[in-house]
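Input: a single structure, listed below in structure tokens.
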């Protein structure tokens, strides 16, 4: 630390790599390594602030002794991933010894969450630290600061001086020619889970611009209860803590929008009134899969209120509602970690939701959604071009804005069908025609936000690429990237992310996991209910409520809220018998010992 | 923990103390000890949730082994205070050994801040944990939850069934008959420091009610830069990072409100245009002392921008402004801790601002202002009835809304005068006629907010009173309290707070210090700049800016921003020669070895 501080004051004159007539910001070349901050000192000089990085030297290039130790203990991302998705026998031992699995889970929580700045340092409005970043919640945070405005190329000093036309990027890198099935055989129930879950915190404020948002920056269950107290009050029945419902085809559904005036919903084109429901998220009328999740959570909230009322006949509507909401947040996180993240990671290690493991650790119970996280989570390739509901095939254009299909088939059949259809692969050239405009928008906004190049995000996590053939094992995609961007350090963020080769035994490329893991773990574990003074029985109304949280699962969520004696198939993985042979990925799970 | 959890499930039938026809909430008697949470189970039963308290048993009455150890290490509040305000020789040794003073300072930071729930648990709208408490920033938080609505008395089960008329409380407990000078000889410069500093975060939203607020919940320097970005933009010159100024009598002052339309300011009655300045806080036109501080901070911001521009000729207005603001926040906290808190505490131990001490500790970098903190900080008895500016005596009615007096006398003379006049004592029967309405409002709002009784706040800190004569050493005040409230556990919060006997070598009663300490330390050290990734040279523009923060002091703040070669007296303590013999407190500092 002291060494770093002393060396910090030494000014370094940056070598003039480009002898242009107009000078440029010396920080454009990202000269500071290992997380050091580049501070200009006059027009042509800079210093690297290495404070807290564990490195020192003019460019933070020398490692301190303590940091060297830390690096020895912190495995390489690729090695760690390989360990976690192989050696099943080893993991079955670790999983069965609480002490071992708890220690490893604590390590995972901390390793992931420490990669996120908390409180946040940057927004898209400034490429340096400001108080705005902390205090102005209307911004998305930033993982890495923006590229300075006065650089020779849009990516800094590397890559082309003019980026390729976004339309060409979409046409040549993103457009689906043939549907690529998800190689881990993930189901549409998984795809819709992702979509419904993330929309509670990815809420870009398009009016203000791509760097702004209008949400609560986390897992605040606003997708169930509405974006603010006003909408929440509209959705509440004010009876026994419950949300408003209606009965259609002998099942409980959310009310029609016409019956709850004032609940904001987004419709496009002509949508029939019997497809217009009043939901917690204004976007959830768009896809029947989202409407299914909205319906199930509404039923779960009301079921939980009944459970609470049984032990608390003395409680009023308000207390039943508020405590029910706390339980729903708890269930959400439990299911996201133990069903959803478990599936996405495909680790043999059983990931667990145990907030108490962090109670004695240095951990911040606050969260801010980063713009890069939002872009990284644009998983539109997961969407197929048609949907098979109980044997009837609906092209996507006959599926969107058709919430009524869930009512028609019933939640049981609909859930079963989504569990039996395979999602698309999250990779290059797999955006269906309907979502290509989103990909275009993502590229354009990434430029407006001046995202640092794709490879800087890998450098930041200590595993940069040196050539295109490392990025992807598809030679055609590699050649296209090289043609479009010229330099491995000149590839823009989303283009690199989508082109990455799939990681061993996994749905995604490495950067999606290594960036998404930290943002996800941080967002989930930093919710207030996980903090030491919230996480106790009385917060959830006593043991009954606390146990609902601690035993929640995807299967129970659906099963307890779908009428009938028998449950449908409720699965994030399509069973082998439902996968057409053309969509089977034979060589995908190579460790099933 | 396990013992506590097992015993937790045992239901306890509360003894029916009041055999009334209508039953009442068993939690009204606060049966759970040591911070346990009382949860009703049906109409007449309850359980205590002892999770995390270190206690177990049906009423959390039994101490665990670990907690017993912790208690041994945590000194009694009165003992600790006595140690800190005596034994000067011992402290001079501790202060001079960095290792010792840093260890003790870390202990103080943690002891204080751990007493504050973070994230917050309660608001005034619910007497149980809700997600609203965490997510809805429009609420003040609560130190203790509200008294349940269905209790036999307003304070729970103790005290009178009807509280005394608030006007009578003011008349008999708060009204000043004779001016009582502050026994530690604190100056008006101190009184105005308190007032200007706290107004950045005590911002009750009177339209919504006393449980709501419109601020940023912390030391966000909004009193310098305005309540939001709109006001900030109005106050900025957009030249070299600076704030707008005007020259009057050869000194720089904030602009007139007429010259900056749109800056919200609160005026009462007829105020002449040359008293109407545009300031960061809409209330700061009310008192010339507040206008003085507003002027000094504005000058300091602009001075800092000049310093920054010297080392950063390449920076634009925006970066100079944003970095200047970060430095001003840092200076504020440094001065608050090392000048202001040092004075208030009167400790011989030198309190220091060293954010790095918390970087490896379990500490939350977030803050929420509690309603009790707001009430506790109503220090209106500090205001005298008249003001002596350079020998001219102004009755308070000729002083309020007269910012022009600062311009007339100049900042030098004005600062000098405030440093030489003694403030009032924060005690019973010392509210001047102008502030008695605030005391009335405080009592009325404390009831609307259903604050728990004064003695519960002492119980919560482990030093309850058992009788009125312990609360105050003034027998008349004790008799009045007993007459008004009947029971030591029936005294309302602010009435108890103001009546408390003064602590040894201190300005205040014990509860002000023991409650204010935690809220203050937490609020100051949890600002973003104190967090590990902010606290480094580059955040403040490099070593120049970082050093401004690390060497800031009250004296430098004024001295560097007041024209002329010689500085005025800048002091929180009135020099002996300026204290009239009638106002001298001979027996106040009893340890000057």
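All of the numbers you see were taken from the coordinates with simple rules; none came from a lab. If you're wondering where the values come from, they're calculated on a predicted model, not measured in any experiment. Note that we place each Cβ from the backbone using ideal geometry, even for glycine, and neighbour counts take in every protein chain shown.
Here are some notes:
- Dimensions in Å of the stretch A:217-263 - Rg and Dmax from alpha carbons: 11.6, 37
- Over chain B, the hull volume per residue, using the convex hull of the C-alpha atoms, is 164 Å³.
- Helix B:475-485 axis, angle to chain B major axis (alpha carbon atoms, nearest 10°): 60 degrees
- At q = 0.17 Å⁻¹, base-10 log of I(q)/I(0) for the stretch A:290-341 (Debye sum, equal scatterers on each alpha carbon): -0.56
- Taking Cα atoms only, the orientation of helix A:436-448 departs from the longest principal axis of chain A by about 40 degrees.
- DSSP beta bridge pairing in chain B, given as percent antiparallel to the nearest 5: 95 percent
- Cα Rg, Dmax, the stretch B:128-253, angstrom units: 21.4, 65
- Helix-only [θ]222 nm of the protein assembly as shown, DSSP H runs n ≥ 4, -39500 (n - 2.57) each, per residue, nearest 500: -11000 deg cm²/dmol
- Panel order for B:105, B:268, B:507, A:286, by other beta carbons found within 10 Å of each beta carbon, from fewest to most: B:268, B:105, A:286, B:507.
- Tensor-based shape of the stretch B:299-431 (alpha-carbon gyration tensor, a/c under 1.5 rounded, otherwise prolate or oblate): oblate
- Quarter the surface of the alpha carbon convex hull of the protein assembly as shown and you get the mean projected area, 48.1 square nanometres.
- Sorted by Cβ neighbour density within 10 Å, fewest at the top, the residues B:379, B:214: B:214, B:379
- Rounded if a/c under 1.5, otherwise prolate or oblate - the stretch B:95-178, Cα gyration tensor axes: oblate
- Prolate/oblate/rounded label for the stretch A:461-589 (Cα gyration tensor, a/c 1.5): oblate
- The stretch B:27-159: radius of gyration over Cα atoms, expressed as a fraction of 2.2 N^0.38 Å: 1.37
- Between the helical axis of B:510-525 and the longest alpha-carbon principal axis of chain B there is an angle of about 60 degrees.
- Ranked for footprinting exposure by Cβ neighbours inside 10 Å, fewest first, B:582, A:403 give B:582, A:403.
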